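S.K.: Starting off with a structure, shown below.
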Amino acid sequence: MPSAARSGRLTRADEDKLLLSVARGDVAALRELYRAFEKPLFTLGMRWLQDAELAGELVQEVTVRIWRRASAFDPARGASSSWIFGIARNVAADLARSRGKDPIPVAEPRSGEAEPWDQDSAWAGWQVAKALRALTPGQQRAVELAYVQQYTHSEIAKTLDIPLGTVKTRLYAGLKKLRAELVDLGVLENEPAP
């Protein structure tokens, strides 16, 4: 069992190894995948289905389908997280249809943006969310306020009741760590420093 799995943070290689182990019938590997993906899947379920019970059902059904279909996973065709996300997308659609409604996208796409159900965009978003978990809570909150809420540095300092210099330090360190995590996950390429 990868040591990163025990800490809750899996690399792409760890995820792929676990999924290949599940394909060989390893229940412990399935348990590790479940632990790693339970929260992200539940969060996606809530965003798409707007119902905690259905989101929980999504997590359970995705886990069952991973167990049944793990032998279909081919690491040469993409990351295991992308494969798992594809299953989640199908389960969300099935659950919504069974309740007579459509899954709810988080927001309508702006002109030129990918559709909300675009698997590649959603996978990249998922990886960014995963990378954000590596930041300290203070860094996470500062990055969220700056880049999601579009707060200025001064507004962040006032909101968090911390000095402006601390905001800048948290953002700098947080973005540096976030970039390193995204490189590790294969979302960004490692560019040599100028």
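Taken together, the values in this text are just the output of simple stated rules run on the coordinates, not laboratory data. Given the structure is predicted, the values throughout are model-derived calculations rather than measurements. Counting neighbours? That spans all protein chains shown, and the Cβs are built from the backbone with ideal geometry, glycine included.
S.K.: Based on Cβ point charges of +1 for Lys and Arg and -1 for Asp and Glu, what charge dipole magnitude is obtained for region 3-98 about its Cα centre, in debye rounded to the nearest 20?
M.R.: The dipole of region 3-98 has a size of about 220 debye.
S.K.: With viscosity set to 1.567 mPa s at 4 °C, what whole-number translational diffusion coefficient in µm²/s follows for region 3-98 from Stokes-Einstein and a Kirkwood radius over Cα pairs?
M.R.: In µm²/s, the coefficient is 97.
S.K.: With charges set only on the Cβ (+1 for Lys and Arg, -1 for Asp and Glu), what does the dipole of region 134-184 come to about its Cα centre, in debye to the nearest 20?
M.R.: 140 debye
S.K.: Would you mind checking the radius of gyration and Dmax of region 134-184 based on alpha-carbon positions, in Å?
M.R.: Cα-based Rg and Dmax for region 134-184 come out at 10.5, 33 Å.
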